[in-house]
Amino acid sequence: MRVLVTGGAGFLGAWVARRLLAAGHQVRIFDRSQDRRLVHSILSDAATVEWCHDDITQAEAVESAAEGCGGIVHLAAMLTPACQANPVLGAQVNLIGTLNVFEAAKRHRIRSVTYASSAGVFGADDGAIPYPDTHYGAFKLACEGSARAYWHDAGIGSVGFRPLVIYGPGREVGGSAGPTIACRKALAGEAYAIPFTGETDMIYVDDVAAAFEAAVTRTIAGAHVFNLRGEVTTVTRILAEIEALVPGARLSAAGGSLPVTAHIAAHDTSSVLGPLPHTSLREGLSRTVQYYRDRLEAQREGQRQAS
């Protein structure tokens, strides 16, 4: 099956593509960015990926990209800080872009869409009843409502996922990217402060990618939304785990807590998606550190050969 991955040039998109290719599917990435470096750093077979460089707000472009595809993974979005800075553009990308994806699915008779919602639909105090206090969270909650409408109106099934902090190799953008950036900075011997404190839920990127793979490769009836839980932890523990992996790391944390409760309700996904992997925080951070260690060693080897 050929799968369209919108926002596929980004961190999560690269990991979803990695899983789909490993399972024997074809991948077509739709992204306005022409920077393919992250995808190439995550995928060993990136040369097999098809690319469409265009804008998710352009309905005709999305419809064209979906032609010949059997499934859609929709990840294209503006993150919380960007939506705060420009709410109108955030709505055009996050909400109108999602409507464009569902319209493309309807046009091409693609029976289901798998999309990224967010734990940002919750506020700081309640992880069971959505009550966003950011534009980003409000747009994501609206997308969930529209997905339900497409099921009732057009019979398009869907699965939306609500992770909190996704971390792992390649996560460099967004307000919650700090733990991953800390791994890279520690290995480079640079001082770095994670820009938030307190508790949060950390989920390893390949676990999230596995959920998307499971959803897009199944026949989905209904409009489902699942909270994706990882491991609730403190920033203090995150720092300690990284420092154990990289002795002498000069890391700290500053600022307040993230604007979303760490304790989001647990959802059982097994009846729809089957069993999914769970990577512990310690193991996930170890894999992340090893990824950046390998990259650093490769850079140093290249410099030695050049000299």
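Taken together, the values in this text are just the output of simple stated rules run on the coordinates, not laboratory data. Remember, predicted model here, so these are calculated numbers, not experimental data. Heads up, the Cβs are rebuilt from the backbone with ideal geometry, glycines too, and the neighbour counts pull from every protein chain shown.
Out of VAL173, GLN92, ILE129, whose Cα points farthest toward the positive end of the dipole of the chain (charges: +1 Lys, Arg; -1 Asp, Glu; placed on Cβ)?
Result: VAL173.
For the pair ASP45/ILE96, report the inter-label distance in nm, with labels modelled 7 Å from Cα in the Cβ direction.
Computed distance between label sites ASP45 and ILE96 equals 3.8 nm.
Can you tell which of SER158, TRP15, ALA116 lies farthest toward the positive end of the dipole of the chain, using +1 and -1 charges on the Cβ of basic and acidic side chains (Lys, Arg; Asp, Glu)?
TRP15
So, R0 is 41 Å and r is the distance between the beta-carbons of HIS108 and ALA240; what FRET efficiency does that work out to, to 0.05?
The pair HIS108/ALA240 has a calculated efficiency of 0.25.
Over the chain, what is the relative contact order in whole percent, taking alpha-carbon pairs under 8 Å and six or more residues apart?
17
Assuming 0.36 nm per residue, please report the length gained on full extension of the stretch ARG2 to GLN34 beyond their Cα-Cα distance.
So the chain would gain 9.4 nm between ARG2 and GLN34.
When Lys and Arg each count +1 and Asp and Glu each count -1, what net charge do the other residues less than 14 Å away from LYS185, Cβ to Cβ, add up to?
Here the count lands on +2.
Cβ under 13 Å from TYR115's Cβ, TYR115 left aside: what net charge do those residues give with Lys, Arg +1 and Asp, Glu -1?
Charge balance near TYR115 sits at +2.
Between ASP294 and ALA188, how many nm apart are label points set 7 Å from Cα along the C-beta direction?
2.0
Under 5 Å between amide hydrogens, which residues at least 5 positions from TYR115 or on another chain qualify, with H placed 1.01 Å from N in the peptide plane?
HN-HN under 5 Å from TYR115: HIS74, VAL159, GLY160, PHE161.
Determine, from the Cβ-Cβ distance of ALA85 and SER64 and an R0 of 25 Å, the FRET efficiency 1/(1 + (r/R0)^6), rounded to the nearest 0.05.
0.25
Per DSSP H run of n ≥ 4, the term is -39500 (n - 2.57); total these for the chain, divide by its residue number, and report the mean residue ellipticity at 222 nm rounded to 500 deg cm²/dmol.
Using -39500 (n - 2.57) per qualifying helix, the result is -13000 deg cm²/dmol.
Please work out whether the stretch 187-307 counts as rounded, prolate or oblate from its C-alpha gyration tensor, where a ≥ b ≥ c are the square roots of the eigenvalues and a/c under 1.5 means rounded, while otherwise a/b larger than b/c means prolate and anything else oblate?
Oblate is the answer for the stretch 187-307, as a/c is 1.5 or above yet b/c matches or exceeds a/b.
Going by a ≥ b ≥ c, the root eigenvalues of the Cα gyration tensor, does the stretch 57-136 fall in the rounded group (a/c under 1.5), the prolate group (a/b larger than b/c) or the oblate group?
oblate
Relative to the longest principal axis of the chain, what angle (0 to 90°, nearest 10) does the C-alpha long axis of helix 281-306 take?
Computed tilt is about 70 degrees.
Taking the 0 to 90 degree range and rounding to the nearest ten, how far is the long axis of helix 235-245 tilted relative to the main principal axis of the chain, both from C-alpha atoms?
60
Tally Lys/Arg at +1 and Asp/Glu at -1 over every other residue whose Cβ is under 11 Å from the Cβ of GLU50; what's the total?
+2
Just how large is the dipole of the chain about the Cα centre, in debye to the nearest 20, putting +1 at every Lys and Arg Cβ and -1 at every Asp and Glu Cβ?
The dipole of the chain has a size of about 480 debye.
Is the shape of the stretch 1-111 best called rounded, prolate or oblate, per the rule: a/c under 1.5 gives rounded, else a/b larger than b/c gives prolate, else oblate, with a ≥ b ≥ c the square roots of the Cα gyration tensor eigenvalues?
It is oblate, given that a/c is not under 1.5 and a/b is not larger than b/c.
Run the numbers on the stretch 123-201 and let me know its relative contact order in percent, using alpha-carbon pairs under 8 Å that are six or more apart.
Computed over the stretch 123-201, the figure is 16 percent.
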